[in-house]
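Visitor: Sharing a structure below in structure tokens format, with a few things to ask.
The values are calculated or read from the model by the stated rules, or taken from the named source; none is laboratory data. This structure is a prediction, so every number in the text was calculated from the model and none was measured. Cβ coordinates were reconstructed from backbone atoms using ideal geometry, including for glycine residues, and neighbour counts include every protein chain displayed. Please note that ligands, DNA and RNA were not included when accessible areas were found on the heavy atoms of the full protein model with its side chains. Shrake-Rupley method; radii C 1.70, N 1.55, O 1.52, S 1.80 Å.
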Amino acid sequence: MSKIDRREFLKLTSLGGIGVVFASALPGVARADNTDEFYFLQLSDTHWGYQGPANPEATVELPRAVELVNALPQAPDFVVFTGDLTHTTDDDQERRRRMAQFREHLAGLRVPQVRLMAGEHDASLDRGAAFQEYFGQLRYSFDHKGVHFVVLDNVSDPKGILGDAQIDWLAKDLRGLPKSAPIVVFTHRPLFDLKADWDWTTADGSRAIDVLHAYPHVTVFYGHIHQEHHHQTDHIAHHAARSLVFPLPAPGSQPNRTPVPWDPAHPGRGLGVRDVDTDPRQPSYSLREIPLAKET
């Protein structure tokens, strides 16, 4: 199934449609047809267990996203969830119950691989103990069809930092790669200072960016801010994804970061999934935003 077929499918299905198209590619380099091209989906901020006025139908959004992914005519190589899988709770038993329920929903995804990472709602109150019991490591790396992927943890420390040990680990993880290697980094919070007084930052994120800066082909995908957002730190592109529970306001557009009010006439508005087409031989990334509801 071609990429055009996927695009046409998403236009026609009642589950979604095509939102903004954003391309991140090397200047002057055309995409080439080759067998190493692949695509993955980024989902973020499901906040399973949330109950509140920002989305009275919160329990339907994760199943709806699973349905959308399973309906695609070509399965992605993998799906990545960039944090806040569950909504925070002070009750350790309830935290684990929510994680178990989230894991049950994941079992319905018909994809070859699911990659998970923690958000502060999953990990900040217990330094990631429950997350590691249910989902595994807080930081790790993997390779897929010529791309090196790195998952960073900027949430399990209550101060919202990466910390010296993890920054050293990142430098060692990248050390064996050629400078030309395509690198994709997944984080929950942005590594740069988007809106520090809204907690839309990583206190020592600039140190990670300094490590990554030595490599010319780095792209960062993150969550946390519940909206599509694109930013550059020199040659490094940073892309935030929509949430699967409720949207948040644009940075600095209002005094605080309270959720965008629920609109019963347009349930699902502002929520979505991201499709990332990848060509590691260029390298280049073509991003498509897939709303969970029709947007007019």
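Visitor: I'd like the Karplus ³J(HN,Hα) series for the stretch 230-244: coefficients 6.51, -1.76, 1.60, θ = phi - 60°, whole numbers in Hz, and an x wherever there's a Gly or Pro.
Guide: My calculation for the stretch 230-244 gives 10, 8, 10, 10, 6, 8, 8, 8, 10, 10, 8, 10, 5, 8, 10 Hz in order.
Visitor: Antiparallel versus total DSSP beta bridges in the chain: what percent is that, nearest 5?
Guide: DSSP beta bridges in the chain are roughly 60 percent antiparallel.
Visitor: Continuing with the same structure: When the Kirkwood hydrodynamic radius is evaluated over all pairs of different C-alpha atoms of the stretch 106-264, what value in angstrom, to one decimal, is obtained?
Guide: 16.6
Visitor: Here is a further query. For the stretch 183-287, what are the per-bin percents of Cα-Cα distances with bins 5 Å wide, up to the bin holding the maximum?
Guide: 2, 11, 21, 21, 18, 13, 8, 4, 1, 0
Visitor: Please build a GNM for the chain, connecting alpha carbons under 10 Å apart, and tell me which residue among 282, 227, 93 fluctuates the most.
Guide: 93
Visitor: Next up: Could you order the peptides 111-119, 149-157 from most to least packed, using the average number of other C-beta atoms within 10 Å per residue?
Guide: For the peptides 111-119, 149-157, the packing ranking is 149-157, 111-119.
Visitor: Could you derive backbone 3J(HN,Hα) for the stretch 50-59 from the dihedral phi with the Karplus parameters 6.51, -1.76 and 1.60 (θ = phi - 60°), listing whole Hz in sequence and x where the residue is Gly or Pro?
Guide: Once θ is set to phi - 60°, the couplings for the stretch 50-59 become 5, 9, x, x, 5, 7, x, 10, 4, 6 Hz.
Visitor: Here's another thing I want to ask about it. Put +1 on the Cβ of every Lys and Arg and -1 on every Asp and Glu Cβ in the chain; which of 198, 231, 273 then has its Cα farthest towards the positive end of the dipole?
Guide: Going by the charge dipole, the pick is 273.
Visitor: Assign unit charges at the C-beta atoms only (+1 for Lys and Arg, -1 for Asp and Glu), then state the dipole size of the stretch 41-291 relative to its Cα centre in Debye, rounded to the nearest 20.
Guide: About 500 debye.
Visitor: Let me ask you something else. Could you list the square roots of 5 times each eigenvalue of the Cα gyration tensor of the chain, that is, the equivalent ellipsoid semi-axes, sorted largest first and rounded to whole Å?
Guide: Calculated on Cα positions only, the semi-axes equal 26, 25, 18 Å.
Visitor: So, one more: Can you tell which of 218, 118, 250 lies farthest toward the positive end of the dipole of the chain, using +1 and -1 charges on the Cβ of basic and acidic side chains (Lys, Arg; Asp, Glu)?
Guide: 218
Visitor: Tabulate in residue order the Karplus-calculated ³J(HN,Hα) for the stretch 249-257, using 6.51 cos²θ - 1.76 cosθ + 1.60 with θ = phi - 60°, rounded to whole Hz; enter x for Gly and Pro.
Guide: Residue by residue, the stretch 249-257 yields x, 4, x, x, 7, 8, x, 9, 9 Hz.
Visitor: Over the stretch 41-291, with the other protein chains present, what is the accessible area per residue in square angstrom, probe 1.4 angstrom? Write down the numbers at each step before the final one.
Guide: Working: 9590 Å² over 251 residues.
Normalised by residue count, the accessible surface of the stretch 41-291 is 38 Å².
Visitor: Across the stretch 127-170, how large is the tail of the calculated P(r) beyond 11 Å, expressed as a percent of all Cα pairs?
Guide: 69
Visitor: Based on the Cα atoms of the stretch 26-125, what semi-axes does the equivalent ellipsoid have, where each is the square root of 5 times one gyration tensor eigenvalue, given in whole Å with the largest first?
Guide: Its equivalent ellipsoid spans semi-axes of 30, 15, 13 Å.
Visitor: Could you calculate the contour length gain from residue 231 to residue 164, that is, 0.36 nm times the residue separation minus the distance between their Cα atoms, to one decimal place in nm? Please list the in-between numbers first.
Guide: Numbers: separation 67, 0.36 × 67 = 24.12 nm, distance 2.50 nm.
Answer, rounded to one decimal: 21.6 nm.
Visitor: So, with +1 on the Cβ of K and R and -1 on the Cβ of D and E, and no other charges, what is the size of the charge dipole of the stretch 60-168 about its Cα centre, to the nearest 20 debye?
Guide: 400
Visitor: Further question: Carbon-plus-sulfur fraction of the accessible area of the chain, 1.4 Å probe, in percent? Each step should come with its number before you reach the end.
Guide: Details: 6300 of 12380 Å².
Reported share for carbon and sulfur atoms: 51 percent.
Visitor: Quote the Stokes-Einstein diffusion coefficient, in whole µm² s⁻¹, for the stretch 138-210, based on the Kirkwood radius over alpha carbon pairs, a temperature of 4 °C and a viscosity of 1.567 mPa s.
Guide: 101
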